[in-house]
Amino acid sequence: MDAATFILFGSTGDLAKRKLFPALYNLFLEQKMPQHFSFIGLGRKPFTDAEFQSYVEQSLNTFSRRKPSDHSALKAFLGCFRYYALDVNDKAGYVELLKLVQKREQELGIPENRMFYLSVAPEFFDVIASNIKESGLGDTAGWKRLIIEKPFGHDLKSARALNAELSKSFEEEEIYRIDHYLGKPMVQNLETLVSANPVLGALWSNRHIANVQITASETVGVEERAGYYNSAGAIRDMFQNHLLQLLMMTAAISSPMQSAERNIRKQKIGVLRALRPISKEDAAHHIIRGQYGAGAIQEKPAVGYREEPGVDAASMTDTFVAARLWIDNSLWQDVPFYIRTGKRMKDKSTRIVIEFKAGIKEPYGSGEQPTEPNRLTIQINPDEKITLQLNQKNALNNGQLEPVNMEFSMPANQLPDGYELLLFDALRGDATFFAHWEEVELAWEWVQLVLEAFQENRLPLYPYPSGSYGPDAADALLEEQGFHWWQNE
Ligand code: NAD
């Protein structure tokens, strides 16, 4: 891996403390960091280098999956860290920052490879990118890369405007748009799971799959984020990015028998291009929006969204969205993809359920007995788990047909955090699991009409009790095709 400088905007913020420092530290312990490495943290707080290093150490003690125990390794890691106080709007500050970056490059004898990570509010993305260019920080003899956090735009127009601004300072191949769902080990495993297992790969199409259900449910409410959430809702916060990414990752897999092309990003873009658009007039037929009311989570009473601090008593913000989507290509024609996400739901779970078509012949000995369809459940969160449901005769119960599960699971605390995998990829220049601009733009294009339909109140806002599976209306989306949601059992 190339020696490089890692420049972190927002290094005193929450994300840096909880995710980024621990991710870098774990990569360091696994020797997955460049041997010579310069880290420069930026923020508004006045920190000395020593204060910053002890701040990073505290974050590792609190949040890292491996707590620092080897003192010399920790010292070597922290020794790479420097701090510079910079207001993102202060143009002259960037010129001083360039001097510090160059000084460290010379001290360490490393090439001008520079990674800029923007862990700051989105309104700063464009000003930072343009100041990087104007100050000369971006004129490197080596590579330069820009990592940006979500949200990427608020709607189609603002996303395009932001991209146009960023493109003035960075090429598309230099921009790494983080969607942390793409960092989850099980999501990165999806393509391999199917293409390396012909037993699944051979079934991965509309010939054998009846429907796909993608769920990302949370038990928490809006918490302290009402200010942001009121203007985003579930559609922007979860659907436009994470859920559409999961849909793309599921549908972009074609087994080696179907295609030799293994360029995941290209195939994902193909999936979005084939997504059937919905009109504003028809949105209510394919989309359900909901908002949590009062109820209980694990027997603890919970207030409704409109009673939450900072929320308007007449708020129309969606805290739940379910949708039925169709991918009009030869692989997925006629297979509905059902997607839902919500806050204050019964359980916390992110999973993809693949429901297979019923067997053509009545299974031997089943008589009148209905059999359950085979299902593959890929759980991404909280723990990773793959479950395949089959039917078998139970000799202990008069040979009755019964569903049985084959299961493989991996507790989350044994796995690397998504940020570890993503930072490792970005440092070695592999953008496979980052969102390409075309993915982001096509996702916004599809969602834009839904946003407008929401705005114009063309869809009812269904209340649902806290602690439930969401509004009943979301069941009707599936019933039309004769299906139902497979809940977490
Ligand atoms: P935060 O508010 O905790 O930190 C923001 C950082 O920006 C701080 O370091 C602050 O010093 C810096 N900052 C603010 N104004 C500045 C200015 N004028 N000049 C220089 N620095 C300035 O935010 P966060 O939670 O760390 O989130 C950072 C980004 O990551 C945001 O885009 C957020 O949407 C995204 N994100 C965060 C999380 C998370 O878990 N926290 C998850 C996903 C995405």
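Figures for the structure shown
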read-out: Some residue of the stretch 114-122 being surrounded by fewer than 21 Cβ atoms within 10 Å (Cβ to Cβ) and in a helix (DSSP H, G or I); value: yes
read-out: His180 surrounded by 15 or more Cβ atoms within 10 Å (Cβ to Cβ), within 16 Å of the ligand (Cβ to nearest atom), under 22 Å from the mean Cα position of the chain (by Cα) and more than 27 Å from Ala23 (Cβ to Cβ); value: no
read-out: Among the candidates Ser158, Ser169, residue that is at pLDDT 95 or above, among the polar types (S, T, N, Q) and either within 16 Å of the ligand (Cβ to nearest atom) or touching a Pro at 6+ places or on another chain (Cβ under 7 Å) (or both); value: Ser158
read-out: Answer residue from the stretch 298-324, given it is small (Gly, Ala, Ser) and in contact (Cβ under 8 Å) with a residue 12 or more places away in the chain and is nearest to Val220 (Cα to Cα) among those; value: Ala302
read-out: In the stretch 367-419, the residues that are surrounded by 12 or more Cβ atoms within 10 Å (Cβ to Cβ) and among the hydroxyl-bearing types (Ser, Thr, Tyr); value: Thr371, Thr377, Thr387, Tyr419
read-out: Positions within the stretch 23-36 being crowded, with 23+ Cβ neighbours inside 10 Å and either within 16 Å of the ligand (Cβ to nearest atom) or free of Cβ contacts under 8 Å to residues at least 60 places away in the same chain (or both), in sequence order; value: Ala23, Leu24, Tyr25
read-out: Residue within the stretch 381-391 that is at pLDDT 95 or above and part of a helix (DSSP H, G or I) present; value: no
read-out: Yes/no for Phe6 being within 16 Å of the ligand (Cβ to nearest atom), free of Cβ contacts under 8 Å to residues at least 40 places away in the same chain and not hydroxyl-bearing (Ser, Thr, Tyr); value: no
read-out: Scan of the stretch 123-152 for residues that are in a loop (DSSP other than H, G, I, E, B) and within 21 Å of the chain's Cα centre (by Cα), ordered by number; value: Glu149, Lys150, Pro151, Phe152
read-out: Filtered residue count, the stretch 127-155, keeping only those that are aromatic (Phe, Trp, Tyr) and either away from the ligand (no atom under 15 Å from the Cβ) or in contact with an Asp or Glu (Cβ under 7 Å, 6 or more places away or on another chain) (or both); value: 1
read-out: Count of the stretch 29-84 residues which are touching a strand residue (DSSP E or B) at 6+ places or on another chain (Cβ under 6 Å) and among the hydroxyl-bearing types (Ser, Thr, Tyr); value: 3
read-out: Matching residues in the stretch 378-397 - criterion: being farther than 18 Å from His242 by Cβ and in contact (Cβ under 8 Å) with a residue 60 or more places away in the chain; value: Ile386
read-out: Residues satisfying the stated conditions in the stretch 316-337, i.e. surrounded by fewer than 20 Cβ atoms within 10 Å (Cβ to Cβ) and either β-branched (Val, Ile, Thr) or in a loop (DSSP other than H, G, I, E, B) (or both); value: Met316, Asp328, Asn329, Ser330, Gln333, Asp334
read-out: First in the stretch 325-346 and under 11 Å from Val271 (Cα atoms), second anywhere and in a strand (DSSP E or B), Cβ under 7 Å, 6 or more apart; value: Trp326/Pro336; Ile327/Leu275; Ile327/Phe337
read-out: Residue selected from the stretch 80-121 under the condition of a type in the set (S, T, N, Q) and closer than 25 Å to Ile178 by Cβ, by the criterion farthest from the ligand (Cβ to nearest atom); value: Asn113
read-out: Positions within the stretch 10-22 being under 14 Å from Arg82 (Cα atoms) and either crowded, with 23+ Cβ neighbours inside 10 Å or among the basic types (Lys, Arg) (or both), in sequence order; value: Ser11, Phe21
read-out: Asp87 being of a type in the set (Asp, Glu), in contact with a helix residue (DSSP H, G or I) (Cβ under 7 Å, 6 or more places away or on another chain) and loosely packed, with under 15 Cβ neighbours inside 10 Å; value: yes
read-out: Residues being part of a helix (DSSP H, G or I) and in contact (Cβ under 8 Å) with a residue 60 or more places away in the chain - total across the stretch 426-466; value: 20
read-out: Residues satisfying the stated conditions in the stretch 263-290, i.e. within 20 Å of His436 (Cα to Cα) and touching a His at 6+ places or on another chain (Cβ under 9 Å); value: Arg265, Lys266, Lys268, Ile269
read-out: For Gln31: the one exception among (1) of a type in the set (S, T, N, Q); (2) within 17 Å of Tyr419 (Cα to Cα); (3) in contact with a Lys or Arg (Cβ under 7 Å, 6 or more places away or on another chain); value: (3)
read-out: Qualifying residue in the stretch 65-79 (condition: within 16 Å of the ligand (Cβ to nearest atom) and of a type in the set (Phe, Trp, Tyr)); value: no
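Table: residues versus (1) under 21 Å from Thr48 (Cα atoms); (2) modelled with pLDDT under 95.
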position	(1), (2)
Ser69	no, yes
Lys75	yes, no
Tyr84	yes, no
Tyr117	yes, no
Val127	no, no
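The values are calculated or read from the model by the stated rules, or taken from the named source; none is laboratory data. As the structure is a prediction and not an experimental result, all values here were calculated from the model. Neighbour counts run over all protein chains shown; Cβ positions are idealised from the backbone, glycine included.
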